[in-house]
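The values are calculated or read from the model by the stated rules, or taken from the named source; none is laboratory data. Being a predicted model, the structure only gives us computed values, none of them experimental. Neighbour counts are summed over all protein chains in view; Cβ atoms, including those assigned to glycine, are modelled from backbone coordinates with ideal geometry.
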Amino acid sequence: MTDLLSVTVYENITVGDLVEALLIIIGAVIIAKIATINLRRLLKERMAKEHVELLCKALKYLILFVAFVAVLQMFGISMSGLLVASGFLGMAIGFASKSAIGNLISGLFLMVERPIKIGDAIEIGSISGVVKDIHILSTIIRTWDGLYVRIPNERVFTSNITNYVAHPVRRFEYVIGIRYQDDAEKAVKIVENLLSSHPFVLKNPAPQIFVNELADSSVNLVVKAWAPTQVWYATKTELLWKIKKVLEENGIEIPFPQRVVWFANELETKVKGGRKR
C-alpha cells in the first residue's frame, strides 16, 4: 500500500498527494455543509431568509476556496502567478460581459432595499409567480404554471415590481348585476349580511356595497371587501359563489343581456292595415 502511494503520477506529484488532495476537498465540503447548517440555525430568527442564504453561500465558497488554495500549494503551484492570470481573466470577462457588473450591483441594491423576499408572490413585467431564490446576479421565480424563470437582477431592479403579499391585507372587488325589477336595497342588505358573517372579511376597513351603474340589462352593484393576504384568493372565490346562491335564494336573479329589436317595416305594415279597417 505504501509503495502504491509513492508512485509518481506527474513530475513530483504522487498517488499519495492526489489522495491527500482528495481528502482535503472532501473535508472542506463536509466542513462547509456543517458550517452553513449551523449558520442558518444561528441567524434564522435574526435576519431575513434571503440574507441568511447569501451569507451561507459566501461562507461555503470561502471554505472551498481556502481548500483549493491549500491543494495548489501542496502541488507547488505559485499563487502569485495564478492571481495575475486570474486578474487578466477577470478583466477580459468584465469587458466581454458588462451586464454582469450591472446585475451584481443591482443584486446588492435588492438585498439592501428588499422590495421582494423569498416566498413572495410578485409580478415583474409580464412574469408573475413566487420568488424561489435571490442570487447575486439573478432572481429565480416559479411561475403559476410551475415554470422556473431566471431574471437578471438589473432587469428586476429597474422594472416595476408588484408584490402581492407585502401588505398583510388585500382588497377584492366584484361587479354584480341584478334585474331592474329586483329590489336593489334588499340585495345590498343581503350581501352586507353575508360579508359580515364571513370569518375572513375584515370589519376595518369595512366592506362597501353600492349601486354603481344602471346598465343596459341590469342594475350593477359594486362589492368591495378586505381580507388577510394569506387567504385572499380563497376568500374571494368562495364569496363570489355564495353571493350568487344567497341572492337567488331570495328571489334576486342575475339577468342575461337583453336587447329589444324594433322592425320598422313590420310596424308600418300593421299601422297601414289598421287604417284600412
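Condition check for ASN204 on (1) under 36 Å from the mean Cα position of the chain (by Cα); (2) of a type outside the set (Phe, Trp, Tyr); (3) not in a loop (DSSP other than H, G, I, E, B): one failure, at (3). The residue that is farthest from ILE63 (Cα to Cα), counting only those in segment 29-41 that are surrounded by 12 or more Cβ atoms within 10 Å (Cβ to Cβ) and of a type in the set (A, V, I, L, M, F, W, C), is LEU39. Selection of first residues in segment 188-199 that are free of Cβ contacts under 8 Å to residues at least 40 places away in the same chain and of second residues that are surrounded by 15 or more Cβ atoms within 10 Å (Cβ to Cβ) and not polar (S, T, N, Q), restricted to Cβ pairs under 6 Å at least 6 apart or on distinct chains, gives the following pairs, ordered by first then second residue: VAL188/ILE209; GLU192/ILE209. Would you check if there is a residue in segment 208-225 being at pLDDT 95 or above, part of a strand (DSSP E or B) and closer than 23 Å to LYS117 by Cβ? The answer is no, given that none of the residues of segment 208-225 is at pLDDT 95 or above, part of a strand (DSSP E or B) and closer than 23 Å to LYS117 by Cβ.
Please work out if ILE116 is free of Cβ contacts under 8 Å to residues at least 24 places away in the same chain, within 21 Å of LYS57 (Cα to Cα) and not in a helix (DSSP H, G or I).
Numbers: free of Cβ contacts under 8 Å to residues at least 24 places away in the same chain: no; within 21 Å of LYS57 (Cα to Cα): yes; not in a helix (DSSP H, G or I): yes.
No: the conditions fail for ILE116.
For the criterion of being more than 30 Å from TRP241 (Cα to Cα) and in a helix (DSSP H, G or I), ILE101 passes.
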